[in-house]
Amino acid sequence: MYDINKIRQDFPILGREVYGKPLVYLDNGATTQKPLCVLDAMRDEYLNVNANVHRGVHYLSQQATDLHEAAREKVRAFINAKSTNEVIFTRGTTEALNLVVSSFADEFMGEGDEVIVSTMEHHSNIVPWQLQAAKKGICLKVIPMNDKGEILMDEYRKLFSERTRIVSVAHVSNVLGTINPVKEMISIAHEHGVPFMLDGAQSVPHFKVDVQDLDCDFMAFSGHKMYGPTGVGVLYGKEDWLDRMPPYQGGGEMIESVSFEKTVFEKLPFKFEAGTPDYVATHGLATAIDYLQGIGMDEIQRHETDLTEYAMKRMREIEGMRFFGEADHKDAVVSFLVGDIHHLDMGTLLDRLGIAVRTGHHCAEPLMIRLGIQGTVRASFGLYNTREEVDTLVEGIKRVSRMF
Ligand code: PMP
């Protein structure tokens, strides 16, 4: 039994008003709200435990280290990684992707080597590769998609060459909501002896993701999109790959010994964690994972799929409605335009009705070029949204449409 009223009480911000209207928060793809348990856990750590991790012999430092390492184990179990050596804490998806791109390219890529990405990538899975392209002369190959927003698998197969070194693709598109057939894509990459990096920013918060079942080589995701705090994210990487990759940043925490002649790096996972980590945020993230598991990932997925299907069904009633992203396998994102109403006008007027949506290119400009548009309005759902909120959105869109 999905007790939505009880769930909503865990998020006091959902009870606030904007412009005198009840807030309808439909921008969960950008970031999610935080339940009280996450805020309480972090407050409690700052109030009662706070000390730097991995350094002190003193009681507080050991307690803080225990919480931080317990968070790593919590993440490991959540994504079913083999070992905590495979769980690297980062600032978020973007930093995790940059870490792999930089370190992997340093070790395994040279001029003329190729990376395969898809048309629907977020900028954070495009620009880091382009930085390497400028530095080392590597090339990006792009998997095309159909008009529903689905990857063309035959075209994907054709992109592999003897120069392909890695594939890096979003699990779920933050604009189209498409759930890409990554298990099949990963197995195709492996047939070519090529590793696969998954951008899990929009999948891990919404359904169960098992890295061993998928057999991905790397995966990145952000705490703040899964009801955890900002400033913390995760890079999952198979130990075998991470072991062979050089550190991304140098500093404290990531070394075993340093002299002016020679530095010996720490073992995994610390080799990739230079400097003081946000150990309070990792504890917050672990608490968010507990919260998600308390509700159940399958229940969350069922609830959000229902909302998405209901939203698209109701929105089809609206004259001039155009959807972007109608894949058969789709997650909790609905991108749209109505007639020739500019996305920014629609977003601004919905905001006046208390409805928070995102407008613009959603950090996916190459996708906008493919779609032949400048931007969309995007409603993205979270575990606390309701059918009534979808109704409010639909009425809001109708009202705005009448004004034009
Ligand atoms: N990839 C995807 C698919 C995303 O949706 C986002 C966030 N919009 C990112 C990467 C970047 O995440 P962050 O800003 O948390 O690093």
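Need the failing condition index for residue 208 against (1) more than 11 Å from the ligand (Cβ to nearest atom); (2) open to solvent by 10 Å² or more (accessible area, probe 1.4 Å); (3) part of a helix (DSSP H, G or I), just the number.
Result: residue 208 fails condition (3) only.
Taking residue 78, is it within 23 Å of residue 29 (Cα to Cα), open to solvent by less than 30 Å² (accessible area, probe 1.4 Å), within 16 Å of the ligand (Cβ to nearest atom) and not in a loop (DSSP other than H, G, I, E, B)? Don't jump to the end; show me each part of the working.
Numbers: within 23 Å of residue 29 (Cα to Cα): yes; open to solvent by less than 30 Å² (accessible area, probe 1.4 Å): yes; within 16 Å of the ligand (Cβ to nearest atom): no; not in a loop (DSSP other than H, G, I, E, B): yes.
In short, no.
Kindly indicate the residue of region 227-283 that is acidic (Asp, Glu) and assigned to a loop (DSSP other than H, G, I, E, B) and also least open to solvent (accessible area, probe 1.4 Å) among those meeting that condition.
273
Which is of a type in the set (Asp, Glu), within 16 Å of the ligand (Cβ to nearest atom) and modelled with pLDDT of 95 or more, of 107, 121, 191, 111?
Being of a type in the set (Asp, Glu), within 16 Å of the ligand (Cβ to nearest atom) and modelled with pLDDT of 95 or more holds for just one of 107, 121, 191, 111, which is 121.
Which of the residues spanning region 41-97 are aromatic (Phe, Trp, Tyr) and within 15 Å of residue 278 (Cα to Cα)?
First, the residues of region 41-97 that are aromatic (Phe, Trp, Tyr): 46, 59, 78, 89.
Result: 46, 89.
In region 387-403, is there at least one residue being touching a residue at least 24 places away in the same chain (Cβ under 8 Å), of a type in the set (Val, Ile, Thr), part of a helix (DSSP H, G or I) and open to solvent by 30 Å² or more (accessible area, probe 1.4 Å)? Working first, answer last.
So in region 387-403, the residues touching a residue at least 24 places away in the same chain (Cβ under 8 Å) come out as 387, 389-394, 396-401, 403.
After this cut, where a residue has to be of a type in the set (Val, Ile, Thr) as well, the list is 390, 392, 394, 397, 400.
Filter once more, so that each one left must be part of a helix (DSSP H, G or I): 390, 392, 394, 397, 400.
Checking which are open to solvent by 30 Å² or more (accessible area, probe 1.4 Å) leaves us with 392.
The answer is yes, given that some residue of region 387-403 is touching a residue at least 24 places away in the same chain (Cβ under 8 Å), of a type in the set (Val, Ile, Thr), part of a helix (DSSP H, G or I) and open to solvent by 30 Å² or more (accessible area, probe 1.4 Å).
Within region 178-188, is even one residue open to solvent by 10 Å² or more (accessible area, probe 1.4 Å), within 24 Å of residue 147 (Cβ to Cβ) and under 15 Å from the mean Cα position of the chain (by Cα)?
Yes, that holds for at least one residue.
What tally of residues in region 124-134 results from selecting those that are in contact (Cβ under 8 Å) with a residue 12 or more places away in the chain and within 13 Å of the ligand (Cβ to nearest atom)?
Count: 4.
Report whether or not residue 105 is within 25 Å of residue 268 (Cβ to Cβ), out of contact with any Ser or Thr (no Cβ under 8 Å at 6 or more places or on another chain) and surrounded by 14 or more Cβ atoms within 10 Å (Cβ to Cβ).
yes
Cβ-Cβ distance below 7 Å, separation of 6 or more or different chains: which pairs start in region 212-229 with a residue that is among the polar types (S, T, N, Q) and end on one that is away from the ligand (no atom under 13 Å from the Cβ) and open to solvent by 10 Å² or more (accessible area, probe 1.4 Å)?
212/80; 212/82
The values are calculated or read from the model by the stated rules, or taken from the named source; none is laboratory data. What you see is a predicted model; the values in this text were computed from it and never measured. Heads up, the Cβs are rebuilt from the backbone with ideal geometry, glycines too, and the neighbour counts pull from every protein chain shown. Heavy atoms of the whole protein, side chains included, go into the accessibility calculation; ligands, DNA and RNA do not. Shrake-Rupley method; radii C 1.70, N 1.55, O 1.52, S 1.80 Å.
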